[in-house]
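In what follows, a single structure is set out as structure tokens and then discussed.
The values are calculated or read from the model by the stated rules, or taken from the named source; none is laboratory data. It should be emphasised that the depicted structure is a prediction, and the values quoted were computed from it without experimental measurement. Note: ideal-geometry Cβ built from the backbone for every residue, glycine included; neighbour counts use all protein chains shown.
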Amino acid sequence: MIDIIHLLPDSVANQIAAGEVVQRPASVVKELLENAIDAGSESVILIVKEAGKSLIQVIDNGCGMSDTDARMSFERHATSKIKKATDLFAIQTKGFRGEALASIAAIAHVEMKTRQMGEDLGTKIIIEGSKVKSQEPCSTPNGTSFAVKNLFFNIPARRQFLKSDGVEMKHIIDEFQRVVLTHPNIAFELVHNDNVVFKLSPGTAKQRIVGVFGERYNQRIVPVAEETDIINIHGFIGKPEFAKKTTGEQFFFINNRYIRSAYLNHAINNAYRELLPKKMHPFFLLNIEINPAEIDINIHPTKTEIKFRDEKSIYAILHSAIKRALGIFNVTPTLDFDQEAPFNIAPLEEGRFVKPPEIKVNSDYNPFDSDPKKTGGLASKFQQKENASEWQEMYKITEEVDFEDERKQAASLFKNNEEDMSASNENSFQSIFQLQNKFLISQVKSGLVIIHQQRAHERILYEQNLIALEEGQNPSQQMLFPQTIDLNPSDFELVRTHLNELNALGMQLEEFGAGTFKVSGIPAQSKSENPIQLVEDFLDQLKNSVGKLSLGTHEKIALAMARSTSIKTGTSLTDQEKDHLVNELFACQNPNYTANGKPIVTKMSLDEINSKFD
Ligand code: ADP
Ligand code: MG
């Protein structure tokens, strides 16, 4: 018999285990920041170079470690945070598995310097791929400095799969934000490639939110405070009128640990239900304090899901807390929340009407104005595209059928009379009918096509933007009065990284002091009167919904800009605009689907229509 099982060498076992804890630079950031907080630090500095690919360093002024502990801290399952199994049910620290440092040291070059308060000298340890290269006394400030260089140096496959600096930095900023938002009493600083991205002084929870998201959040949020026997909820929620199209500014923490929970999200959305239009998402940042015995703490360090013992009560309390906060701060003036007892979670009475926030629509907005100076040549460009007017052919069926009768009927149904048709130019298509300011319907030889107007315009702009990014420049409209836009540090960093691309797309942006850009022009195709809103929309798209798609950087930027400048569902179009939209769409390389695979055009054949009258 041949035995084939053997134990893996430590170095291999360590690398495998490390893979679970460290997926990307941001995982290292999370672990090191958490250790700094567990060490009782009052000030923590995070320094990264090349989005953490060449350096991640965390310097804290916490309790530091003795010589022996410094060496021990790199052993797997070495922790000072729990001693026995029952401690698992009363964890107050972030770490407890004793795995992070061992994992990081297995796949990087690490230099740690640490000194305990009251000691004259500290210790410096150098470890590379789990091998201790040196340990010697050193002079170093009180606390710990932990530098991680050449992440994944010994796992080239992992290193290769790291994303662009922009993407990795976004992950780092996400982790950083989650940590700093729940520790407003600690000073934090984040420095990337020698630029100070965040510098946050200790303060109140609200000051911290404003420090992270920008001054304007002062007016946008209201506090939530609910204390019960089971849980305490503290934090802030956004006023409905500042809700966004994406869910990027929603944070749940359980005992200061960031988590995701679709179930708890639902409780919040439900509380906002009648205050927000569909698909708009409010800001929230809530910490739920709960007895650790009530939750399953044995969550994997990299996972953010959580299990509660008594989910239903938590849902109810959360829902009621949000409604009360909205009511108390007069966010919902038509509802009388004062009379609601704190935990009375009765649903809204049937038939009560809450006015949704108003949405401003610029009725003069005409993206198809044929003056190329004004439109960036959208209209004029289409005329150069030969295949534009042949789009109906795409839907032609080979059978020769006399459609004349049906055509007439359809035309009258669509109320698109002869006059309308003669009013538009020769290239116009007959019978383009706008349904619910959302769909364009037109007859083709084989039946009719239905086009989603917003997606169609997004597709057109997306393809134009891609061309501009690859080989040129989108036209820009100069603003009469340039405006400045103050961005929060992470958004500022994001815009700075993509400044060239943004300018190629027709923005005219330049840095204007710390945290501020000057906007002196916007893409010609955008009729937005609010360039600041445009930039915010773009950032929101890039960070959130578009950011989550698996597209290349250029595609993401092109799409985020297309989405923030496109005409929206709900916009009424003139005949000429309808024509141009349809023509432009069918001149696209891929008129049928959006960049994320949603249909733009659908067809109904005459057979299908006829069959409905059988
Ligand atoms: P865990 O945090 O789960 O205990 P780690 O591998 O992250 O495991 O850290 C191991 C131990 O090293 C910690 O329990 C702590 O005692 C010590 N340690 C790590 N980082 C620091 C730090 N910044 N300051 C003081 N002690 C630290
Ligand atoms: Mg730890």
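May I ask you to list the residues in segment 522-559 that are free of Cβ contacts under 8 Å to residues at least 24 places away in the same chain and over 17 Å from the mean Cα position of the chain (by Cα)? Hit for segment 522-559 is Asn530, nothing else.
Once segment 1-22 is narrowed to residues that are surrounded by 16 or more Cβ atoms within 10 Å (Cβ to Cβ) and under 27 Å from the mean Cα position of the chain (by Cα), the residue that is farthest from ligand 2 (Cβ to nearest atom) is Val22.
Here the condition is being assigned to a helix (DSSP H, G or I), under 28 Å from Pro277 (Cβ atoms) and among the hydrophobic types (A, V, I, L, M, F, W, C); of Ile567, Ile557, Ile522, it holds for Ile557 alone. Pairing residues of segment 501-518 that are on the phi > 0 side of the Ramachandran plot with residues that are surrounded by fewer than 17 Cβ atoms within 10 Å (Cβ to Cβ) and of a type outside the set (A, V, I, L, M, F, W, C), at Cβ distances under 9 Å and at least 6 apart in sequence or on separate chains, gives Gly506/Gln473; Gly513/Thr484; Gly515/Asp486.
Out of everything in segment 573-600 that is of a type outside the set (D, E, K, R) and under 16 Å from Ser431 (Cα atoms), what residue ends up being surrounded by the most Cβ atoms within 10 Å (Cβ to Cβ)? So, considering only residues that are of a type outside the set (D, E, K, R) and under 16 Å from Ser431 (Cα atoms), the one surrounded by the most Cβ atoms within 10 Å (Cβ to Cβ) is His580.
Close Cβ contacts (under 6 Å, 6 or more residues apart or on different chains) running from residues in segment 242-257 that are polar (S, T, N, Q) to residues that are outside any strand (DSSP E or B) and modelled with pLDDT of 85 or more comprise Thr246/Asp540; Asn256/Thr182. Taking segment 58-75 as the range and being buried (at least 17 other Cβ atoms within 10 Å of the Cβ), among the aliphatic types (A, V, I, L, M), within 14 Å of ligand 2 (Cβ to nearest atom) and not in a loop (DSSP other than H, G, I, E, B) as the test, only Val58 passes. Filter segment 442-458 down to the residues that are under 13 Å from Glu584 (Cα atoms) and in contact with an Asp or Glu (Cβ under 9 Å, 6 or more places away or on another chain) and list them by number. Ala456, His457 - these are the residues of segment 442-458 that are under 13 Å from Glu584 (Cα atoms) and in contact with an Asp or Glu (Cβ under 9 Å, 6 or more places away or on another chain).
Quick check on segment 312-334. Is at least one of its residues part of a loop (DSSP other than H, G, I, E, B), surrounded by fewer than 20 Cβ atoms within 10 Å (Cβ to Cβ) and at pLDDT 80 or above? Checked segment 312-334: no residue is part of a loop (DSSP other than H, G, I, E, B), surrounded by fewer than 20 Cβ atoms within 10 Å (Cβ to Cβ) and at pLDDT 80 or above. One residue alone among Ala105, Ala78 is crowded, with 20+ Cβ neighbours inside 10 Å, aliphatic (A, V, I, L, M), within 12 Å of ligand 1 (Cβ to nearest atom) and at pLDDT below 95, and that residue is Ala105. If you go through segment 461-495 and keep only what is surrounded by fewer than 16 Cβ atoms within 10 Å (Cβ to Cβ) and either in contact (Cβ under 8 Å) with a residue 60 or more places away in the chain or not aromatic (Phe, Trp, Tyr) (or both), you end up with Ile467, Glu470, Glu471, Gly472, Gln473, Gln478, Met479, Leu480, Pro482, Gln483, Thr484. State the number of residues belonging to segment 108-128 that are within 12 Å of ligand 1 (Cβ to nearest atom) and free of Cβ contacts under 8 Å to residues at least 40 places away in the same chain. Total satisfying the criteria: 2. Would you confirm whether any residue within segment 136-145 is under 30 Å from Val167 (Cα atoms), of a type outside the set (Gly, Ala, Ser) and either within 12 Å of ligand 1 (Cβ to nearest atom) or more than 33 Å from the chain's Cα centre (by Cα) (or both)? Yes; the residues of segment 136-145 include at least one that is under 30 Å from Val167 (Cα atoms), of a type outside the set (Gly, Ala, Ser) and either within 12 Å of ligand 1 (Cβ to nearest atom) or more than 33 Å from the chain's Cα centre (by Cα) (or both).
Taking the criterion of being aliphatic (A, V, I, L, M), more than 17 Å from Leu101 (Cα to Cα) and either within 8 Å of ligand 1 (Cβ to nearest atom) or surrounded by fewer than 24 Cβ atoms within 10 Å (Cβ to Cβ) (or both), the residues of segment 34-57 that qualify are Ile45, Ile47. Within 16 Å of ligand 2 (Cβ to nearest atom), modelled with pLDDT of 95 or more and within 31 Å of the chain's Cα centre (by Cα): does that describe Phe188? Answer is no for this residue.
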